Amino acid sequence: MVRAGIIGANGYAGAEVARLLMGHKDVEVRYVMSRSFAGQQYEGVFGNFKDINGKELCDIKLSDMAEDADVIFTATPQGYLQGELVPSILDKCRIIDLSADYRIKDVCVYEEWYKLEHHSKELIEEAVYGLTEINRDKIAGCRLLANPGCYTTCSILTAYPLMKEHMIEKDSLIINALSGVSGAGRGAKIQNLFCEVNENAKAYSVALHRHTPEIEEQLAYAYGDKVTLQFTPHLVPMNRGILVTETAKLSKDVSYQDVRDVYDKYYKDERFIRVLDENVCPETRFVEGSNYVDIGFKIDRRTGNIIMMGALDNLMKGAASQAVQNFNVMFGFEEKEGIDMIPMVP
């Protein structure tokens, strides 16, 4: 059994990691850590764990947890654990970090967009970006994994094949993304109150959203050259889900089958990516509660553009189930173990 610890277990993503790991046949959850809820029973914070997880939320240093764990999942805000993430800890256990601290390779870009000083720059190069379907070979056996977030996972996977094959003009990509409210976390914020969100939809962080450079960096690796794109997120009144609509100029005249063949080239054998049939658009309700990403596309002959669409559950493939998928690859388990659930409808 692999011994696991979870830091930030009181948040939505951390609780989802705990839920999935408790259903994993090869994992023992040893620690559920939360400084703000330390001393409370986990089932008292999340009632869904009643008579399932009787552990007490603890406040423990990362270095102490590393002495008794094989892997630690860190579902914490950006910058929260950088000072403790040192090579001596990585010599004791592996870390799957759900924050953005190790996703962006250019530390100057990270510090500019996140307005934080990075305190463990020496680990950035070693960290592996955890998009399983793209970096599977690098993930296997790595010590420090940077788990992508919801907007980035959906945005990158939706456009990746066409960027990789230079089928779209690299600087023409415009991404509009919709997110459920759980993507903002569990903290009490006025803008996330029911009366503020219900019966409303709004754009936010326009031209400033900090996931923008992460998406650009990963799609630049795919294309082989710097990519500049427009990313606009929107908040919509639902609990879970990400839907992206991505528009780009086609680099040449192509048919539906040409595009479909490119998607199939990269995703045909991927269990958790479903390329939908022609004229079928992804919907968040058909991926909810699962590790699936649904992708569709439409060629607009009138404008010479292609519209690519993707949907996923932001707490699952956008956070926790992707972390467990990466964990499975890191430790050599069957990739679907613990995350092979059918989406919930309704």
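For a label point 7 Å from the Cα of Glu28 along Cα→C-beta, name the residues of the stretch 51-73 whose backbone N is under 13 Å from it. Label zone hits: 68-71.
What you get for the chain, charging only the Cβ of Lys and Arg (+1) and of Asp and Glu (-1), is a dipole of about 500 debye around the Cα centre.
The residue among Met308, Ile215, Ala159 whose Cα reaches farthest toward the positive pole of the charge dipole of the stretch 151-312, with charges on the beta-carbon of Lys, Arg, Asp and Glu, is Ile215.
Relative protection proxy for 199-211, 284-296, 167-179, from highest mean packing down: 284-296, 167-179, 199-211 (other beta-carbon atoms within 10 angstrom). Note on the stretch 151-312: with charges restricted to the Cβ of Lys and Arg (+1) and Asp and Glu (-1), its dipole about the Cα centre is near 300 debye. Here the label points at Ala203 and Arg136, each 7 Å from Cα along the C-beta direction, are separated by 3.8 nm in the simple model.
Modelled spin labels at Glu56 and Glu334, positioned 7 Å past Cα toward Cβ, are 3.8 nm from each other. Label reach from Val86 (point 7 Å along Cα→C-beta): in the stretch 1-18, no amide nitrogen lies under 16 Å.
Hydrodynamic radius of the chain by the Kirkwood approach over all distinct alpha-carbon pairs: 20.5 Å. Of Ile52, Ile104, Ile124, the sequence from fewest to most neighbouring Cβ atoms within 10 angstrom is Ile52, Ile124, Ile104.
Fewest to most neighbouring Cβ within 10 Å: what's the order for Met22, Met316?
Fewest-to-most ranking of Met22, Met316: Met22, Met316.
Check cross-link reach from Lys252 to the aspartates and glutamates: straight Cα distance under 18 Å, and skip same-chain residues fewer than eight apart. Partners found: Glu165, Glu169, Asp171, Asp261, Asp300.
For the Cα atoms of the chain, what angle does the longest principal axis make with the long axis of helix 12-22, in degrees from 0 to 90, nearest 10? Between the helix axis and the principal axis of the chain, the angle is about 70 degrees. Once each part is reduced to its C-alpha centroid, what is the distance from the stretch 163-202 to the stretch 18-60 in angstrom? Each part reduced to its Cα centre gives a spacing of 29 Å. Modelled label positions at Arg3 and Asp106, each set 7 Å beyond Cα in the direction of Cβ, lie 4.2 nm from each other. Note on Cys154, Cys281, Cys195, Cys93: ascending count of other Cβ atoms within 10 Å places them as Cys195, Cys281, Cys93, Cys154, the fewest first. A DSSP coil position with no more than 13 other Cβ atoms inside 10 Å describes the following GluC sites (Glu not before Pro) in the stretch 23-107: Glu67.
Work from the charge dipole of the chain (Cβ charges, +1 for Lys and Arg, -1 for Asp and Glu, about the Cα centre) and give the residue of Gly332, Ala177, Val17 farthest towards its positive end. The listed residue farthest towards the positive side: Ala177. Measuring nothing but how far apart in sequence close Cα pairs (under 8 Å, 6+ apart) lie, relative to its length, the stretch 33-140 scores a relative contact order of 19 percent. Structural descriptor for the chain: relative contact order 17 percent, calculated from alpha carbon pairs under 8 angstrom and at least 6 residues apart. Putting +1 on Lys and Arg Cβ atoms and -1 on Asp and Glu Cβ atoms, find which of Pro237, Thr76, Ser36 reaches farthest to the positive end of the dipole of the chain. Farthest towards the positive end: Pro237.
Only the coordinates and a few stated rules stand behind these numbers; no lab work does. Bear in mind the structure is a predicted one, so any value in this text is a computation, not a measurement. Cβ sites come from the backbone with ideal geometry, for glycine too, and all protein chains shown count toward neighbours.
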